[in-house]
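The values are calculated or read from the model by the stated rules, or taken from the named source; none is laboratory data. Just so it is clear, the structure is predicted and the values come from calculations on it, not from any experiment. Please note: Cβ atoms are built from the backbone with ideal geometry, for glycine as well, and neighbour counts cover all protein chains shown.
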Amino acid sequence: MSVDLSQFIPSFLEESFEGLELMESGLLNLQPGDNETIHSIFRAAHSIKGGAGTFGFDSVTEFTHLVETLLDEMRDGRREITSKDTEILLESVDCMRLLIEAARDEADYDKDKVAQTSTRLSETLGNEKISADSTESIKSEGKAAGSGYHIKFVPEHSLAKTGNDPLFLFSALTELGELSISANTEDLPALTDIDAQELYLSWQLTLLTEVDEAEIVEIFEWVEDECLLELTAITDNSTASETNKEETAVNVEQVTETDTQEETTANTQEEVATDTQEEAATDDSSLGQVTAEEKSKATKATPKAKAEVGSIRVGVDKVDSLINLVGELVITQSMLSELGTDFDMAKVERLTNGLEQLLQNTKELQESVMRIRMLPISFAFNRFPRLIHDLAIKTGKAMELVIKGEQTELDKTVMEQIGDPLVHLVRNAADHGIESSEVRIANGKPEKGTISLDAYHQGGNIVIEINDDGAGINRSIVFDKAVEKGLIDANATLTDSQVYDLLFEPGFSTAAEITDISGRGVGMDVVKRNIQALGGRIQVESTLGKGSTFKVNLPLTLAILDGQLVKVGSETYIIPLISIVESLQIDNKLINRVSGDMVLYRLRDDNVPVLPIYQLFDLSTECTEINNALLVVVEADGQKVGLMVDDLLAQQQVVIKSLKDNYQQVAGISGATILGDGSVAMILDIPGMISMALEKAQQAQLVRADGNSNVTAEVCL
Amino acid sequence: MNIQAMAQDIPVEGEQSIEGVDFITSGDQYLTFLLAEEQYAVDILCVEEIRSWERPTKIPNAPSYIKGVINMRGIIVPIVDLRLKFGIGEASYLETTVVIVLTYQSEETSRTIGFVVDAVSDVLNVESVDIKPAPAFGGCVGPQYIDGLINSEHKVVTILNVAHLQKVEKHRLHS
C-alpha cells in the first residue's frame, strides 16, 4: 500500500496556509468564552499537525503539537484566554508559517525564533520539564531498543466511523518487523446490543523490530486522538522497562489528550503562569523586532514561491454558469453548421441571427472566464488586521482597523501585485498619520485612532481607499521640504493636490526621524510606480488635523483593455481608452510654434504639445502635414499631449499579449494584441511615449549644444 | 457498416514514400537553408515550423533587421531577417522566401523567433566528429553565431548557434 505522497504536498501547503490565516484571524478576534472560534482555531492547528506528520515535516508536527496542546486547554476551559496567551499563539502562527515555508522550499529557517517561541509555549503550558524528559526518554529508548515493543492499542468505539481501519495500521506495522496480534474481546457486548458501526475490540500487539518508537507512533498518527496507545519496549532490564513505561504513559497521555490531568502538573502550571506573565512582559519589546525580522525573511522567501504556478479556488456557481454558456455555444454552433450544409440566399437572415447569437455567447463566455480570475479583495485585506495589531504594539499607539467592501472582486494578478503597495500605505497611515493617544485626547479626538480600508467598484475600475483620522498632511512642511530638495521653486503656486503629489517624488520623506516601520528606503515613489505599472493611479486627499485619504484606482483586470484603434501610415495602433481625453480635428488657427519647433495646440485654456506618432516611431506616412490632421489628446501623469494620427478606426476590447515573452519590452509600447483579421497591433504606452519624446528632445538639445560649442571654438581660432 | 473493412481500403498516406528512406539515423539532424548562395544549418530540434513570408506588424524604433511581429496561433512572434542581420545578399521577398520559426529553451525561459531566409533546402544527418571549427578570420557573420562547418557533398554548410541567434539587442533611440 505505497502511494506517492509527494503529489499531495502542494494541496497540503495550500490548506495549511489557509489554516494559518484562519488561525490568525481567529486569534485576533478571540474573546474569552468564544468557544466556536477556539474550536475552529484548534481544528486548523490539528489538521496542519496531521498533514505535516503524514508528509514527514517533523519540525512542523513537533511545534504544532505544543500549540495544539495549549489550544486544547483553552478549548476545554482549563485555561483562561488571556491576551498574553493570544500573543504567544500569534507568534506561534508565525513560527508555523516559517516552518512550513522552510519545509516547502527545503530551506533553512530562523531556528532561534522557533526555539524561543517553543520555549515560551512550553513555559506557558507549565510542563516544560515533562516534555523535555519525555522527548529524552524517547531518544534514549530509541537507542536502547533492540528487540521490539509491546503495544497496547485500545481504540474508542467510534474509531471506525472516522474512516480508520485498524487492519491498515497493523499491516503498516508488519512492514516494520515481525508482528504478533492478540485481540481483546472483553468489551464485546451481547450480539443484540451490537451497533454494527462501532468498534468494540482492543488489541495487544508485539512487534519485533529495530526501528525507533517515533516511527511506530507515526503509524498511529491519524488515530492517536481516538485511542489509548501504550508502547513498551521489550528490554532485558526490567527496571528500565518499568520507568520507560511510566514515562511513556505520561507522554501518551499528552499525545492522546485524555482529560485526566495530573494534579502536580496543574499545580506547577499555576506557579508558572505568574512567571510567564512577567516573562511575556519583558519579551514584548523584543516581539516587535522578531516580527520585523520574520517579515524580511518572509519576503526573501517569496521570490521562489512566485515562480511556482499558482492555483485558484473557484466557486461552483461560476463553473456552473460556464458550463451553461458552453452548452449554449454548442447549440449555436450546431445551428450554424446545419445552416452551412445547404445554404442559399434565402437563409441569410437566419445566418445573421445565428452569428449575432454567437457573438452574444462569446461575449458572455469571455466575461465568465474572466470572472474565474476574480477574487474578493479580502484576500489582500486579510493580512491587515494582524499588521495593525503588530503596529499598535510597536508604536504604542491605540488604533483599530475598519474594513469595508471586502467582497469586491478583483483580478488575481492585480491582487497579488497590489498587496505590497497597500501594506506600505497602511504602515504609513499607522506611523505618520495616527497620533499618539495623548495628542489625540488633547486635540479632542477619540483616544483610539481609526484606519479604514474600503474597496468599491467605480465604472470599469476598482477603487481602494486607505483612510486615517490622524494628523493629516501638513501642506507647508511638504512644500518647504520640496523647495529644500530643489524639486520646486519657492515662489511657485501649487494646488493642494499638486503639493500632495510631491510625496511621491523619489527620496521624499517628511518624517522627522526614520523609524523601523516606515520612512526607510522603499518610498512612496515605489508605491506610485507599482500602481502605475498596473495601469492604475493614486490620489491623496487630506485635511490638516482631520486625517488623510489615499485613493488607489485600479483597472479590474490586466488581461483585457478597452482601446481606440488608430491608423498611422500602414500600421494600426491601439490607444487605451482610459487615457484618452478627447479626439479632435486640428484647427489651424489654434496651432502655435514656440521655443523653436515645438508645436503646441491650444485646447481651451491648456496648451497641449503635439506628438506626431510617425516621428516618434520612425514610420513612413503620407500625412505629415499638421494642418487638419486628427489629434487624439491623451493624459498620463497629469501631463496632456496630443498624438497626431492619420485616421481613427473602431473602438474595441482587446486582449493584451506580452511582447516580452519572445522579444523584449519596447519603449512606447505596452503590449500587443491580435485583431479580428488575425494581424497584430501594438498597444501604445502613453507615459512611455511621453518620456520617449522628452528623451528625444534632450538628445536634440545636446546635439545642438555641441554644435554651438564647436562654432564658438572655431571663432576663437 | 464494417468500419474495419472500410479502414483497410483507405490507402495509408506515405506508404510509398517510406521505401528507400533510411530512418535509422545516427548523429544529429540539421535543417539547411539558403542565404543568397550560401548554405546554413540549424539544429532541427529547435525548428517549430516553416512558414511562408507574410508582412509583419512593425515594432517602433527596432533595428532594420527586425521586421516586426506576426501572430502565430495566438502567440506574438518577432521576425528577424537573417539576410539583413548578417548582411548577406538582398532582402527581397519572393515566393520562395520563408520564415523558419525556431524555439530555443534555455534554463528559465523559452523564446520563439522567426527568421527570414531565402529558401529551405534539406535535412542533413551529421556525426559530431564531422563538424569542423570555422576559420577565425570570417566574413560578415560574427564568430559567436557559428558552431562549426560541415561538408555536404562539394559544398560547405555553416551550422548556426540558435542560442545566440535568439539574443535580442536593445533598441537605441535615434533622433
Leading residue by the ranking (surrounded by the fewest Cβ atoms within 10 Å (Cβ to Cβ)) among those in segment B:77-97 that are more than 14 Å from chain A (Cβ to nearest Cβ) and within 13 Å of B:I50 (Cα to Cα) | B:T96
Number of the exception - B:I70 against (1) part of a strand (DSSP E or B); (2) away from chain A (no Cβ under 14 Å); (3) under 18 Å from the mean Cα position of the chain (by Cα) = (2)
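Tell me which residues, restricted to segment A:463-493, are of a type in the set (A, V, I, L, M) and modelled with pLDDT under 85. Before the answer, list the steps.
Our first condition is that a residue be of a type in the set (A, V, I, L, M); within segment A:463-493, this holds for A:463-464, A:466, A:471, A:473, A:477-478, A:482-483, A:487-488, A:490, A:492.
Result: A:A471, A:I473, A:I477, A:V478, A:A482, A:V483, A:L487, A:I488, A:A490, A:A492.
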Those residues of segment A:649-678 which are in contact (Cβ under 8 Å) with a residue 12 or more places away in the chain, facing chain B (nearest Cβ under 10 Å) and surrounded by fewer than 17 Cβ atoms within 10 Å (Cβ to Cβ), in sequence order = A:V655, A:S658
If we scan segment B:42-56, do we find a residue that is charged (D, E, K, R), within 14 Å of chain A (Cβ to nearest Cβ), crowded, with 20+ Cβ neighbours inside 10 Å and free of Cβ contacts under 8 Å to residues at least 60 places away in the same chain?
-> no
Scan of segment A:632-645 for residues that are surrounded by fewer than 20 Cβ atoms within 10 Å (Cβ to Cβ) and either within 31 Å of the chain's Cα centre (by Cα) or modelled with pLDDT under 90 (or both), ordered by number = A:E635, A:A636, A:D637, A:G638, A:Q639, A:K640
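Scan segment A:487-503 residue by residue and report those that are over 20 Å from A:V526 (Cα atoms) and surrounded by fewer than 13 Cβ atoms within 10 Å (Cβ to Cβ).
Scanning segment A:487-503 gives A:D489, A:A490, A:N491, A:A492, A:T493, A:T495.
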Exactly one of (1) without any contact (Cβ under 8 Å) to a residue 40 or more places away in the chain; (2) surrounded by 13 or more Cβ atoms within 10 Å (Cβ to Cβ) is unmet by A:L28. Its number?
-> (1)
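Of these, B:D147, B:D122, which one is acidic (D, E), assigned to a strand (DSSP E or B) and either within 14 Å of chain A (Cβ to nearest Cβ) or crowded, with 16+ Cβ neighbours inside 10 Å (or both)?
Result: B:D147 is the single residue among B:D147, B:D122 that is acidic (D, E), assigned to a strand (DSSP E or B) and either within 14 Å of chain A (Cβ to nearest Cβ) or crowded, with 16+ Cβ neighbours inside 10 Å (or both).
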Residue list for segment A:620-654, restricted to those being over 20 Å from A:D562 (Cα atoms) and among the small types (G, A, S) = A:S620, A:A629, A:G638
Of the conditions (1) more than 14 Å from chain A (Cβ to nearest Cβ); (2) more than 15 Å from the chain's Cα centre (by Cα); (3) in contact (Cβ under 8 Å) with a residue 60 or more places away in the chain; (4) surrounded by 12 or more Cβ atoms within 10 Å (Cβ to Cβ), B:A134 clears all except one; give me its number.
-> (3)
Cβ pairs under 7 Å, 6+ apart, first in segment A:681-703 and in contact (Cβ under 8 Å) with a residue 12 or more places away in the chain and more than 11 Å from chain B (Cβ to nearest Cβ), second charged (D, E, K, R) and not in a helix (DSSP H, G or I) | A:P687/A:D637
Members of segment A:608-622 found to be in contact with a Gly (Cβ under 8 Å, 6 or more places away or on another chain) and either away from chain B (no Cβ under 12 Å) or free of Cβ contacts under 8 Å to residues at least 60 places away in the same chain (or both), listed by number = A:V608, A:P609, A:V610, A:L611, A:Y614, A:F617, A:L619, A:S620, A:T621, A:E622
Matching residues, segment A:57-89, being free of Cβ contacts under 8 Å to residues at least 24 places away in the same chain and surrounded by fewer than 16 Cβ atoms within 10 Å (Cβ to Cβ) = A:D58, A:G77, A:S83
Of all residues in segment A:553-573, which are within 14 Å of another protein chain (Cβ to nearest Cβ), of a type outside the set (A, V, I, L, M, F, W, C) and part of a strand (DSSP E or B)?
-> A:K567, A:E571, A:T572, A:Y573
On the given criteria, is B:I100 in contact with a Gly (Cβ under 8 Å, 6 or more places away or on another chain), assigned to a strand (DSSP E or B), farther than 30 Å from A:I613 by Cβ and away from chain A (no Cβ under 11 Å)?
-> yes
Determine if segment A:374-381 includes at least one residue that is in contact with a strand residue (DSSP E or B) (Cβ under 7 Å, 6 or more places away or on another chain), aromatic (F, W, Y) and under 19 Å from A:G547 (Cβ atoms).
-> no
